[in-house]
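Enquirer: Here it is: the structure, laid out below.
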Amino acid sequence: MSGSSKLPRLTVAVLQGGVSAEREVSLQSGRAVSRALRDAQHVVVDIDPAQIDLRQHDWREIDVAFLALHGAAGEDGEVQKLLQAAGVAYTGSGPAASAHAFSKLAAKQIFVQRGVPTAPWVALTAAEPAKFQREKAQRLGLPLVVKPDQQGSSLGVTMVNHEKQLDSALELAFQFGPVCLLEQAIVGAEWTVGLLDEYSLPPIRIGTNHDFFDYQAKYHDEQTQYHFEDSPLSPTASLVSRVAVDACAAVGTRGVARVDLMVDRFGRPFVLEINTIPGFTDHSLVPKAALRAGLNFTDLCEWCLVAARRQASLRKAA
């Protein structure tokens, strides 16, 4: 793959920060993207929705909005609706795909409908009596993973190996919203696959000493390892990539996305979730995989701009 050397000089609004629990990670992504686009001679306008009302902003001089907003009010489809109504080209998936991917419950329901393998689960609400919550957990069995329905960066996620851990895990998950999922824990290796539209980047197998690839392992643990498993002779890598593509096709993502999966000891992949605005720093997983495929960080950012303008043209023609 190669970057877009013929892309004209554009005025790009880089949306970053916001008010979600992932604000700091978003600011890191935004700074990296802004720096790369300025190096490529584009005009960059940094916008933090925590400080600027996007509904009142004058978008007339903006050619493309680059979305580096992680978490709620970034990945849930609301910003995409606003920009689409304003006629602004923007990076990534549309409102519906963003909303479906951001809700783990909605995504899992789509996976089941479309035959995409995913771990068994049950949904819980904070309003349910504790007795019912425990009964659902018992039916699913241990070990299990408790996770908020709408949250990224593994925030609020707990691996539950013993029944006595369940109450505190639910309490943590419900801090991020009124709905959470209990998911059967898949014992095996965690993988991640980046996508550029329907093209899968080289898959990465993650090595961590933590119970799972949690927030600390993602952003702070220098012992976390990333192994590229892109040999054409690797049947597991090929299968993981194919399932990742199927998952994104089921939800309808566009632009850059990242699919996180578990692969059990029999080599069977199970989709955990889709991230429609994955981390975008030099050290993030999608940029690492893109570099492996021949796209440096600036090339990747410019690819996103090209894809955004293409999608905007398709919407206008529809």
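The values are calculated or read from the model by the stated rules, or taken from the named source; none is laboratory data. Everything numeric in this text was worked out from a predicted model, so none of it was measured. Here the Cβ positions follow ideal geometry from the backbone for every residue, glycine too, while neighbour counts run over all protein chains shown.
Enquirer: Looking at Val263, Val251, Val243, which is the one that is in the same structural domain as Asp197 (by TED's automatic domain parsing), in contact with a Phe, Trp or Tyr (Cβ under 6 Å, 6 or more places away or on another chain) and crowded, with 16+ Cβ neighbours inside 10 Å? Spell out how you get there, then give the answer.
Expert: Working: Val251 fails: in contact with a Phe, Trp or Tyr (Cβ under 6 Å, 6 or more places away or on another chain); Val243 fails: in contact with a Phe, Trp or Tyr (Cβ under 6 Å, 6 or more places away or on another chain).
Just a single option satisfies the conditions, and that option is Val263.
Enquirer: May I ask you to verify whether Ala99 is free of Cβ contacts under 8 Å to residues at least 12 places away in the same chain, more than 21 Å from Cys301 (Cα to Cα) and outside any strand (DSSP E or B)?
Expert: No.
Enquirer: To continue, here is another question. Could you list, in sequence order, the residues of region 61-106 that are surrounded by fewer than 19 Cβ atoms within 10 Å (Cβ to Cβ) and of a type in the set (Lys, Arg)?
Expert: Hit for region 61-106 is Lys81, nothing else.
Enquirer: Among the numbered conditions (1) more than 28 Å from Val187 (Cβ to Cβ); (2) modelled with pLDDT under 95, tell me where Arg254 comes up short.
Expert: Evaluating Arg254 over (1) more than 28 Å from Val187 (Cβ to Cβ); (2) modelled with pLDDT under 95 leaves (2) as the failure.
Enquirer: Pull out all pairs, ordered by first then second residue, where Cβ-Cβ is under 7 Å, the residues are six or more apart or on different chains, the first lies in region 111-132 and is closer than 21 Å to Ile274 by Cβ, and the second is part of a loop (DSSP other than H, G, I, E, B) and among the hydrophobic types (A, V, I, L, M, F, W, C).
Expert: What qualifies is Ala119/Ile186.
Enquirer: OK, next. Say whether the condition of being touching a Gly at 6+ places or on another chain (Cβ under 6 Å), in a loop (DSSP other than H, G, I, E, B), at pLDDT 95 or above and more than 22 Å from Ala290 (Cα to Cα) is met by at least one residue in region 27-49.
Expert: The answer is yes, given that some residue of region 27-49 is touching a Gly at 6+ places or on another chain (Cβ under 6 Å), in a loop (DSSP other than H, G, I, E, B), at pLDDT 95 or above and more than 22 Å from Ala290 (Cα to Cα).
Enquirer: Could you grab the pairs with beta carbons closer than 7 Å, sequence gap of 6+ or different chains, first residue in region 185-198 and assigned to a strand (DSSP E or B), second one of a type in the set (Gly, Ala, Ser)?
Expert: What qualifies is Val193/Ser200; Val193/Ser241; Val193/Ala244; Gly194/Ala289; Gly194/Ala290; Leu195/Ala244; Leu195/Ala257.
Enquirer: Right, Gln109: polar (S, T, N, Q), surrounded by fewer than 17 Cβ atoms within 10 Å (Cβ to Cβ), within 20 Å of the chain's Cα centre (by Cα) and modelled with pLDDT of 95 or more or not?
Expert: Working: polar (S, T, N, Q): yes; surrounded by fewer than 17 Cβ atoms within 10 Å (Cβ to Cβ): yes; within 20 Å of the chain's Cα centre (by Cα): yes; modelled with pLDDT of 95 or more: yes.
Yes.
Enquirer: Just give me the residues in region 107-149 being acidic (Asp, Glu), over 20 Å from Lys164 (Cβ atoms) and in a helix (DSSP H, G or I), in sequence order.
Expert: Applying the first criterion (acidic (Asp, Glu)) to region 107-149 yields 128, 135, 149.
Narrowing the set further to residues that are over 20 Å from Lys164 (Cβ atoms) leaves 149.
Once the filter is applied, which keeps residues that are acidic (Asp, Glu), over 20 Å from Lys164 (Cβ atoms) and in a helix (DSSP H, G or I), region 107-149 yields nothing.
Enquirer: Of the residues that make up region 152-168, is at least one touching a Gly at 6+ places or on another chain (Cβ under 6 Å), surrounded by 18 or more Cβ atoms within 10 Å (Cβ to Cβ), of a type outside the set (Ser, Thr, Tyr) and within 28 Å of Pro287 (Cα to Cα)? Give the steps one after another, and end with the answer.
Expert: Taking region 152-168 as the starting set, the residues that turn out to be touching a Gly at 6+ places or on another chain (Cβ under 6 Å) are 152.
Remaining after also requiring surrounded by 18 or more Cβ atoms within 10 Å (Cβ to Cβ): 152.
Then keep just the ones that are of a type outside the set (Ser, Thr, Tyr); that gives 152.
Narrowing further to those that are within 28 Å of Pro287 (Cα to Cα): 152.
Yes, because at least one residue in region 152-168 is touching a Gly at 6+ places or on another chain (Cβ under 6 Å), surrounded by 18 or more Cβ atoms within 10 Å (Cβ to Cβ), of a type outside the set (Ser, Thr, Tyr) and within 28 Å of Pro287 (Cα to Cα).
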